[in-house]
Amino acid sequence: MSTFTSSLVNSNSARPGVALVSISRLQSLCETVAPRYAERAKFFPVREGYGAAVATLQAYVDAGAVDVVLAAGSNGAYLREHLNVPVVMVKVNGFDVLNAITLAATTWPGARIGLALHETVSQELADLGPWLNVGLKQCAYRSADEVRLAVDKLAAEGCSVIIGPGMACDLAQQAGMESVFLYSLGAVEEAFERSVELARVSRQKESKRVRLNTIVAHLRDGVAAFDDAGQLEAVNPAMLELLGLGGPQEARLGNALQEAPVGGREHDMAAQVARLVGPLLRETLAHDQPIEERIEQIGGRALIVNCVPIVEHGVRSGSVVTVQDALVAQRIDRSLRTSQRPKHLVARHQLDDLIGGSPALERVRRLARAGAAHDATVLLTGESGTGKELVAQGIHNASRRRGNPFVAFNCAALPEGLIESELFGHEEGAFTGARRGGKPGLFEIAHTGTIFLDEIGEMPAALQSRLLRVLQEREVMKVGSGRATPVDVRVIAATHRDLHALVEQGAFRADLYFRLNLLQIELPSLRERRGDVAPLARRLLSRGALQYGLPDAAQQRVLAFLAPLFEHYAWPGNVRELENLLARAAIYFGDAAADASQDWQAVFPEFGRMTRAAPVKTTPGVADGTIGNISVRATPTRKDVLHALERSGGNRAAASRALGIGRTTLWRLLKD
């Protein structure tokens, strides 16, 4: 290899590559021009022509070294047909031809001149012959063999000087004729300029294509591109694997198909891909509509498929198909729902948070744990304030759905129209005031978790049928949408009303009731488990002591003060009322300004609503119905009221103050 050739081959590989196919006399012109472009491209001289050149050039192309080939004449035309990279031809212009004719005429005056041109002869030159006073003959050639025939023909017609490409000049000299090389330095420079620029653009396009193919090849989603005729142009290994065609060997074939689906095994693989996704292409073409996020069974696998057209300059040029494993999508969906779940959608309570050891409460725990072991719908019944939501959260946290969303909704809290939107969601523009972009419903938000429907007995009749469909089909349809969305949700409902009676009255759907009443757990009221009230009060008070700044000694005074209520009060509000009463007591007993002059019966009217015969019991720290210097009296009788009225001269306000009760209580005792 010459010093020139070696320096070109070893030049900076970051530059685009140009192969110089130059035989005979074109070689010297290329060697003259190439150094001027050494900073813009690297050059690979090829001394062979035609078939031999193709083999050498293909090796360069496969290695990614050559982006453009520069050649001339029939050699260049042959290379264009056999290579898949651009071939730039050294073009002969009219000035080059006239300059060569002038040179031949002045060098050999009176000689008949023969012109060998590639592909076609020039009629204009034939017409100019008499004006130039030159005997000019022309002959066209298309291949290397025809060059020899053209030279022989021109010699037979009396031509002693041949103008043509390097091969024609060499043949002329071998035959004893003179010759003039047709290609000029300017024509070669122009070809170099076009080759270098085209190589730069081709290198950029190839870099983008390789980058894109590398990205697509590493996608977990399957991607396949088709031309407008439905022929596969590119496919990544993930697509082959998802279609059931995958394996190590097929993955390599997938990479090969990204270049171009050629013959042999690659062709067979392309045919199989086209067969499996062909119906999608035909449907998209027939309806002129893309396919988006459709579930299809392909190759025995559930796949999420998309098929969209490729439009270039307003004209459809093909389609791209993407597929995703539905199971992977479900895992991603669960992960997103878990990581992005708002904090208020977390169940905070456990079944162990149920305080008390009464048989009624033990029965609740036993049934709740049995229900948590399965996904059966649970119906919680009981009076208001008995802890139905706490039990619902405990069931959720004891089930396999723990860690997933827990969504609570009160069916009596909103108007009918808003309940529908909240539970099932809505599409954008479904109604006036609908959220832009739409909104997912609580059933969708609770996907893979639990939804707690409190006060289910208050649900409007029109929505009961929609709820029944969700329970039966496990899918929801947004307001304004025509497509149902599958949901995996465990339903826990609660009510303080008698649903069976509502069904008999026609106020509640019987089929919905039977669907909800699969596992019913009735929560006992506090008066049904009085033995649990004191330990429950102790736990609730200790939990709120820090909030109200209540020391341990004051906690004991509060519990001692309220002890009569624990045993004799009816607790119509159940645990919720107990919690509020304890908070009130913590506030008043934590107030240093509280003294014996405080009207405690007015602050705690619950004492006036206790069972009439219930006395105030003596408890630790309490003697003779007092706590400290604060008087604590049992509920007065009607006789006490009459005596007080007599002492106050019939003044009911004064009598109420004397008895430490409210006027309403006094009036009720008089009526009794």
Out of curiosity, is residue 59 assigned to a helix (DSSP H, G or I), modelled with pLDDT of 90 or more and among the small types (Gly, Ala, Ser)? yes
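If you scan the stretch 52-81, which residues turn out to be touching a residue at least 12 places away in the same chain (Cβ under 8 Å) and loosely packed, with under 15 Cβ neighbours inside 10 Å?
64
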Yes or no: residue 127 charged (D, E, K, R), modelled with pLDDT under 85 and surrounded by fewer than 20 Cβ atoms within 10 Å (Cβ to Cβ)? yes
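Being loosely packed, with under 13 Cβ neighbours inside 10 Å, at pLDDT below 80 and more than 24 Å from residue 559 (Cβ to Cβ): is that true of residue 637 here?
So residue 637 does not fit the description; no.
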Which one is surrounded by the most Cβ atoms within 10 Å (Cβ to Cβ), of the residues in the stretch 178-206 that are touching a Cys at 6+ places or on another chain (Cβ under 7 Å) and farther than 14 Å from residue 18 by Cα? 179
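Conditions tested, residue by residue: (1) farther than 26 Å from residue 570 by Cβ; (2) touching a Gly at 6+ places or on another chain (Cβ under 9 Å); (3) in a helix (DSSP H, G or I).
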residue	(1), (2), (3)
452	yes, no, no
488	yes, yes, no
500	no, no, yes
540	no, no, yes
Name the residue that is farthest from the chain's Cα centre (by Cα), counting only residues in the stretch 515-534 that are in contact (Cβ under 8 Å) with a residue 60 or more places away in the chain and farther than 13 Å from residue 361 by Cα. 520
Candidates 403, 356, 417, 441, filtered to the one that is at pLDDT 85 or above and either more than 27 Å from the chain's Cα centre (by Cα) or not assigned by TED's automatic domain parsing to the domain that holds residue 571 (or both): 356
Output yes when any residue across the stretch 121-133 is in contact with an Asp or Glu (Cβ under 8 Å, 6 or more places away or on another chain), touching a residue at least 12 places away in the same chain (Cβ under 8 Å), over 30 Å from residue 203 (Cα atoms) and of a type outside the set (Ser, Thr, Tyr), and no when none is. no
Looking at the structure I just gave you, is residue 430 at pLDDT 90 or above and either at negative phi or not in a strand (DSSP E or B) (or both)? no
Please go through the stretch 136-177 and pick out each residue that is surrounded by 20 or more Cβ atoms within 10 Å (Cβ to Cβ) and either of a type in the set (Val, Ile, Thr) or within 60 Å of the chain's Cα centre (by Cα) (or both). 147, 151, 161, 162, 163
Given (1) surrounded by 15 or more Cβ atoms within 10 Å (Cβ to Cβ); (2) touching a strand residue (DSSP E or B) at 6+ places or on another chain (Cβ under 8 Å), index of the condition residue 99 fails: (2)
Against the conditions (1) surrounded by fewer than 17 Cβ atoms within 10 Å (Cβ to Cβ); (2) touching a residue at least 40 places away in the same chain (Cβ under 8 Å); (3) farther than 30 Å from residue 559 by Cβ; (4) not charged (D, E, K, R), where does residue 508 fall short? Just the number, please. (1)
In the stretch 642-655, is there at least one residue being over 24 Å from residue 545 (Cα atoms), at pLDDT below 80 and of a type in the set (S, T, N, Q)? no
Scanning the stretch 445-499 for residues that are free of Cβ contacts under 8 Å to residues at least 24 places away in the same chain and among the small types (Gly, Ala, Ser) gives 482, 484
Options 376, 392, 398, 372; residue that is touching a strand residue (DSSP E or B) at 6+ places or on another chain (Cβ under 8 Å), farther than 26 Å from residue 534 by Cβ and of a type outside the set (Lys, Arg): 376
Tell me which residues, restricted to the stretch 296-322, are over 20 Å from the mean Cα position of the chain (by Cα) and among the polar types (S, T, N, Q). 297, 317, 319
Filter the stretch 22-51 down to residues that are surrounded by fewer than 16 Cβ atoms within 10 Å (Cβ to Cβ) and of a type in the set (A, V, I, L, M, F, W, C), then give me how many there are. 1
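Of the residues 613, 596, 570, 602, which single one is among the hydrophobic types (A, V, I, L, M, F, W, C), assigned to a loop (DSSP other than H, G, I, E, B), at pLDDT below 80 and under 30 Å from residue 544 (Cβ atoms)?
On the way: 613 fails: under 30 Å from residue 544 (Cβ atoms); 570 fails: at pLDDT below 80; 602 fails: assigned to a loop (DSSP other than H, G, I, E, B).
Result: 596 is the single residue among 613, 596, 570, 602 that is among the hydrophobic types (A, V, I, L, M, F, W, C), assigned to a loop (DSSP other than H, G, I, E, B), at pLDDT below 80 and under 30 Å from residue 544 (Cβ atoms).
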Only residues that are at pLDDT 90 or above and part of a loop (DSSP other than H, G, I, E, B): list them for the stretch 177-187, please. 177
Could you list all residues from the stretch 368-383 that are surrounded by 18 or more Cβ atoms within 10 Å (Cβ to Cβ) and either in a helix (DSSP H, G or I) or among the small types (Gly, Ala, Ser) (or both)? 368, 371, 372, 382
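The values are calculated or read from the model by the stated rules, or taken from the named source; none is laboratory data. All of these numbers come straight from a predicted model, not from anything done at the bench. Every residue, glycine among them, receives a Cβ derived from its backbone with ideal geometry; neighbour counts consider all protein chains shown.
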